[in-house]
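Just below is one structure, and these are the notes that go with it.
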Amino acid sequence: MITLLEPPRPAGLISGGFRYQEQITAALGTDARRETVRPEHLHQHARTLQEAAPGLTLVVDGWFAELTARPFPAGVIPLLHTQPKLAGWAADVRRAIATGASTAAAARASVDAVALVRPGVDDCFTPRARAGDDTPAVICAGTMPEAKGPRRLLAALRGAALPWRLTLVGSTSAAPQAVEALRREALGAPVTIREAVEPTALAELYAEHDLFATLSASESYGMAAAEAAAAGLPLLGLDTGELRSFGDEDARTILPIDATDDVVASALRQLLARPHALRAKRATRPGSRRTWRCAATEFAAACR
């Protein structure tokens, strides 16, 4: 049996990490379960579970390292969506699971055995015919803190001097001050800011857009970009996470991680200036898909 401990989810938050944990445990069925534990109770709760069931495999959300400012309990397997910033986080850790290649590489400096188990893609993310009006439409999905780059994306679009509309989808409760600043800057612009939605609704939104753009400077994997590519959208992003592996090569515009604002604006302008060419990059047939069942099988093997 695998038990996955995770902290309480902030109200309204739909994040890649929580979705990963939901999908993995759902795919494993009766072989896995999730438990919510307050950060201050993590170490005692882990000891209680280990004493009650010595053969239990205990996986712990990597976010706990930031919430508790303590190393992980002995004998657990941290599930790392990002590299913990806490020094000494792995003092009693022998194995870990990472959800992206860069996180796995960083974790191997602290842990002997790190398994890379990338996310799957929901079945609803499949290419569809373009819906909606003819205005070139850009979408970015995910959480909305400043580090994810939504304000920078908006500024770059404002400088494009071409028709466009932008949709930003993400958990507004995760970074309320950043979202409020974003709303102020979006006044008078063709921008829609939407609360995070379930995958089926997000797939429908992707059908109404021409380009998925993300200016996040730090990704372990990039679940939202992977889903957008599976839905057929061309991508524009910085060279982080695993964006270079998503979709067809000719449908990806990957900029250097240190790309200037002028470089970003120029790339957007070139894509939006030729909307028919941009739409021609849109995938029309499903490509190879990494399923959550495949991810869960790898996850279970890593736990063993």
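The values are calculated or read from the model by the stated rules, or taken from the named source; none is laboratory data. Here the structure is a predicted model, which means the values were calculated and not measured. Positions of Cβ are backbone-derived with ideal geometry, glycine not excepted, and every protein chain shown enters the neighbour counts. Each accessible area value is taken on the protein alone, full model and side chains, heavy atoms only, with ligands, DNA and RNA left out. Shrake-Rupley method; radii C 1.70, N 1.55, O 1.52, S 1.80 Å.
Here are the numbers for the structure shown:
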item: Rounded D (µm²/s) - the stretch 27-178, Kirkwood Rh over Cα pairs, Stokes-Einstein at 4 °C, 1.567 mPa s; result: 69 µm²/s
item: Spin-label model distance (nm) - Gln270 vs Glu195, 7 Å beyond Cα toward Cβ; result: 4.0 nm
item: Stretchable slack from Thr297 to Ala74, in nm (0.36 nm times residue separation minus alpha-carbon distance); result: 77.8 nm
item: Model label zone, Arg285; criterion: amide N under 17 Å from point 7 Å along Cα-to-beta-carbon; scope the stretch 243-260; result: 247-251
item: Potential extension, Ala26-Asp250 segment - 0.36 nm per residue separation minus Cα distance; result: 77.2 nm
item: The stretch 147-203-the stretch 232-268 distance, computed between alpha-carbon centres (Å); result: 18 Å
item: Shape call, the stretch 1-77: gyration tensor on alpha carbons, a/c limit 1.5; result: oblate
item: Loop-resident sites, the stretch 1-106, for trypsin sites (Lys or Arg not before Pro), counting at most 16 other Cβ within 10 Å (DSSP); result: Lys85, Arg94
item: Residue-averaged 222 nm ellipticity for the chain, from DSSP H runs of 4+ at -39500 (n - 2.57), nearest 500; result: -9500 deg cm²/dmol
item: Global form of the stretch 174-275, assessed from the alpha-carbon gyration tensor, a/c cut-off 1.5; result: rounded
item: Between 0 and 90°, nearest 10: helix 16-28 axis offset from the chain longest Cα axis; result: 60 degrees
item: Within a Gaussian network of the chain (alpha carbon springs, distance under 10 Å), most fluctuating of Ala217, Ala87, Ala98; result: Ala87
item: Among beta bridges that DSSP assigns inside the chain, antiparallel share in %, nearest 5; result: 0 percent
item: Long-range tail of P(r) for the stretch 140-220 (Cα pairs > 18 Å, %); result: 38 percent
item: Heavy-atom accessible area ranking, 1.4 Å probe, most first, across Leu28, Leu86, Leu157; result: Leu86, Leu28, Leu157
item: Potential extension, Thr260-Ala131 segment - 0.36 nm per residue separation minus Cα distance; result: 43.2 nm
item: Relative contact order (percent, whole number), the chain, Cα cutoff 8 Å, 6+ residue spacing; result: 19 percent
